[in-house]
Amino acid sequence: MEIQQTQDWIRTALSRLGYGEAIVEQLIEPQLCLAVQIPVTMDSGAVRIFSAYRVQHHMAVGPTQGGVRLHPEIGLEDVKAEAAIMTVKCGLAAVPFGGAKGGIVCDPRELSFRELERLARGYVRAVSQTVGQAKDILSADGFTNSRVMAWMADEYSRLRESDARAVITGKPEVLGGISDREKLLYQSVMILIQEAVRDSGRSMSGLRVILRGFGELGAYLAGEIHRSGGVVVGLSDRYGALYQEEGLDVETLLDRRDSFGTVTRLFRTRMGHDEILNHPHDLFIGATVAPSLGEEGARALGGRLVFEAVPGAVDPGAYPILRQKGILTIPGVLSSLGPVILSYYEWVQNREGYRFAPDHLIMLLQERMIDSYHRLKESLPEASGDPRLATFMVGLKPTAEAIRIRGLL
């Protein structure tokens, strides 16, 4: 979401909640924006300078928290927008954080293993004065996987050993990270799907599902839906779509899926992405942004529930059409709360010197995902039935209230 769109949603949501311009202005722009230059010695011996950013949106609720994204086209305005969205996510998940975000302008696929490590360590050195376990927590995002976060944690420990344990999340388990974090992230999405289906008065058993996207997340969801008794009648990847009214053979598709998450090119019966939406189904799940569900697809949809499993899987223009058709859409901001919740619990266990048992952690994750869903659903009437506006209203209220009560006006 672009910065102007994000700011428009913030203004509309806070206005709908009854907050004045003084609070609106504090949440339109972030409290802190840091732009740095990171010199990195490349394997060739040459020194290359990388631009990087860290933005802390607002700290009224508590320390800020957010990932560090590595992308060749990321800019300060992008990071500002994502930091604001993180504030919304933290409020929606009811964790005591404000939002933050980091960005490094690079294509990590063009860097060697050692070059990436030098860059990650350089970023920590550059932002070390503005982060801390009670100030701003860095978390994983995209190409910043557990190995990258381990490098960051190690570098920070060399700078501030007493404050190092809980300032980086998304670490490997041996360094205090969450056990089976990737699996839990996928589970968080499935928890939300099951709750939305149950809340609609349906059961997973016999539910007809069209799934768009067959990458890691899409493949996991296909398998879980199949195991829970659902029927995957449609599936699409970047090349096309498959549909079978009695249900696709999920196990065969998973077995034949290639490393890029594609399978439809193996079948002569391949259809268009939107073509299968005219066929009978109950639930549409968007698990990819390429292609996303656009306005044409929204008009073709015949189901009663749309689940945006990743932010951007449903185009902004499709939302009004879906709402007019009476189709409940679960927005991507809600479905992507898993990383926020798990980072919070990693921070908690690191600060307390405690490790959550896996079963206990799954229970905590489930409770927060389900609670977030119902708080969003309850706010829909106040948001005129718009799930995106409801997301911002629920997510921003804790920070707006904290600003008001603290007297930061």
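The values are calculated or read from the model by the stated rules, or taken from the named source; none is laboratory data. For clarity, every value in this text was computed on a predicted model and none was experimentally measured. Because the Cβ atoms are built from the backbone with ideal geometry, glycine has one as well, and the counts that use them run over all protein chains shown.
Tell me the residue from E296, E251 that is loosely packed, with under 14 Cβ neighbours inside 10 Å, more than 18 Å from R388 (Cβ to Cβ) and without any contact (Cβ under 8 Å) to a residue 60 or more places away in the chain, please. Checking each option against the conditions leaves just E251.
With within 18 Å of L17 (Cα to Cα) and surrounded by 23 or more Cβ atoms within 10 Å (Cβ to Cβ) as the only criterion, which of G385, G395 stands out? Step through it out loud before you land on a result.
Values: G385 fails: surrounded by 23 or more Cβ atoms within 10 Å (Cβ to Cβ).
Matching residue, one of G385, G395: G395.
Residue count for region 169-198, restricted to those that are part of a helix (DSSP H, G or I) and of a type in the set (S, T, N, Q): 3. Among the residues of region 164-188, those identified as under 17 Å from P358 (Cα atoms) and hydrophobic (A, V, I, L, M, F, W, C) are V174, L175, I178, L184, L185.
Among the residues that make up region 14-35, is at least one of them of a type in the set (A, V, I, L, M), part of a strand (DSSP E or B) and under 29 Å from F113 (Cα atoms)? Step through it out loud before you land on a result.
Going through region 14-35, the residues of a type in the set (A, V, I, L, M) turn out to be 14, 17, 22-24, 27-28, 32, 34-35.
Narrowing further to those that are part of a strand (DSSP E or B): 32, 34-35.
Still in the running and under 29 Å from F113 (Cα atoms): 34-35.
Among the residues of region 14-35, at least one is of a type in the set (A, V, I, L, M), part of a strand (DSSP E or B) and under 29 Å from F113 (Cα atoms), which makes the answer yes.
Does S343 satisfy the criteria of being in contact with a strand residue (DSSP E or B) (Cβ under 6 Å, 6 or more places away or on another chain) and either aromatic (F, W, Y) or not assigned by TED's automatic domain parsing to the domain that holds I193 (or both)? Spell out the reasoning first.
Details: in contact with a strand residue (DSSP E or B) (Cβ under 6 Å, 6 or more places away or on another chain): yes; either aromatic (F, W, Y) or not assigned by TED's automatic domain parsing to the domain that holds I193 (or both): yes.
Considered against the rule, which asks whether it is in contact with a strand residue (DSSP E or B) (Cβ under 6 Å, 6 or more places away or on another chain) and either aromatic (F, W, Y) or not assigned by TED's automatic domain parsing to the domain that holds I193 (or both), S343 comes out as yes.
For region 302-321, which positions are out of contact with any Asp or Glu (no Cβ under 9 Å at 6 or more places or on another chain) and either without any contact (Cβ under 8 Å) to a residue 12 or more places away in the chain or buried (at least 22 other Cβ atoms within 10 Å of the Cβ) (or both)? Answer for region 302-321, where residues must be out of contact with any Asp or Glu (no Cβ under 9 Å at 6 or more places or on another chain) and either without any contact (Cβ under 8 Å) to a residue 12 or more places away in the chain or buried (at least 22 other Cβ atoms within 10 Å of the Cβ) (or both): V306, F307, E308, A309, A313. Within region 1-23, restricting attention to residues that are over 22 Å from the mean Cα position of the chain (by Cα) and within 21 Å of F97 (Cβ to Cβ), the residue that is surrounded by the most Cβ atoms within 10 Å (Cβ to Cβ) is L14. Could you please let me know if G297 is in the same structural domain as A196 (by TED's automatic domain parsing), under 29 Å from E2 (Cβ atoms) and not aromatic (F, W, Y)? Taking the combined requirement at face value, the residue satisfies it.
For region 278-299, the set of residues classified as modelled with pLDDT of 95 or more and not in a loop (DSSP other than H, G, I, E, B) consists of L283, F284, I285, G286, L293, E295, E296, G297, A298, R299, listed by residue number. For beta carbons closer than 7 Å, sequence separation of 6+ or different chains, a first residue in region 30-59 that is within 15 Å of D78 (Cβ to Cβ) and a second that is buried (at least 20 other Cβ atoms within 10 Å of the Cβ) and of a type in the set (S, T, Y), the qualifying pairs are L34/Y53; A35/Y53; A52/Y123; H57/T64; H57/T87. Could you grab me the full set of residues in region 141-161 that are buried (at least 24 other Cβ atoms within 10 Å of the Cβ) and at pLDDT below 95? Correct list: T144 only. On the given criteria, is A35 at pLDDT 95 or above, exposed (fewer than 15 other Cβ atoms within 10 Å of the Cβ) and in contact with a Leu (Cβ under 7 Å, 6 or more places away or on another chain)? When the stated conditions are applied, A35 passes them.
Please go through region 56-78 and pick out each residue that is among the β-branched types (V, I, T) and within 22 Å of E117 (Cα to Cα). It would help to see each step written out before you state the result.
The initial filter retains those residues of region 56-78 that are among the β-branched types (V, I, T), namely 61, 64, 68, 74.
Of everything in region 56-78, those that are among the β-branched types (V, I, T) and within 22 Å of E117 (Cα to Cα) turn out to be V68, I74.
Check region 233-247 and report whether any residue there is in contact (Cβ under 8 Å) with a residue 60 or more places away in the chain, buried (at least 18 other Cβ atoms within 10 Å of the Cβ) and not in a loop (DSSP other than H, G, I, E, B). For region 233-247, residues in contact (Cβ under 8 Å) with a residue 60 or more places away in the chain, buried (at least 18 other Cβ atoms within 10 Å of the Cβ) and not in a loop (DSSP other than H, G, I, E, B): absent.
Report yes if R368 is in a helix (DSSP H, G or I), of a type in the set (K, R) and surrounded by fewer than 17 Cβ atoms within 10 Å (Cβ to Cβ), otherwise no.
Numbers: in a helix (DSSP H, G or I): yes; of a type in the set (K, R): yes; surrounded by fewer than 17 Cβ atoms within 10 Å (Cβ to Cβ): no.
Against the criterion (in a helix (DSSP H, G or I), of a type in the set (K, R) and surrounded by fewer than 17 Cβ atoms within 10 Å (Cβ to Cβ)), R368 does not qualify.
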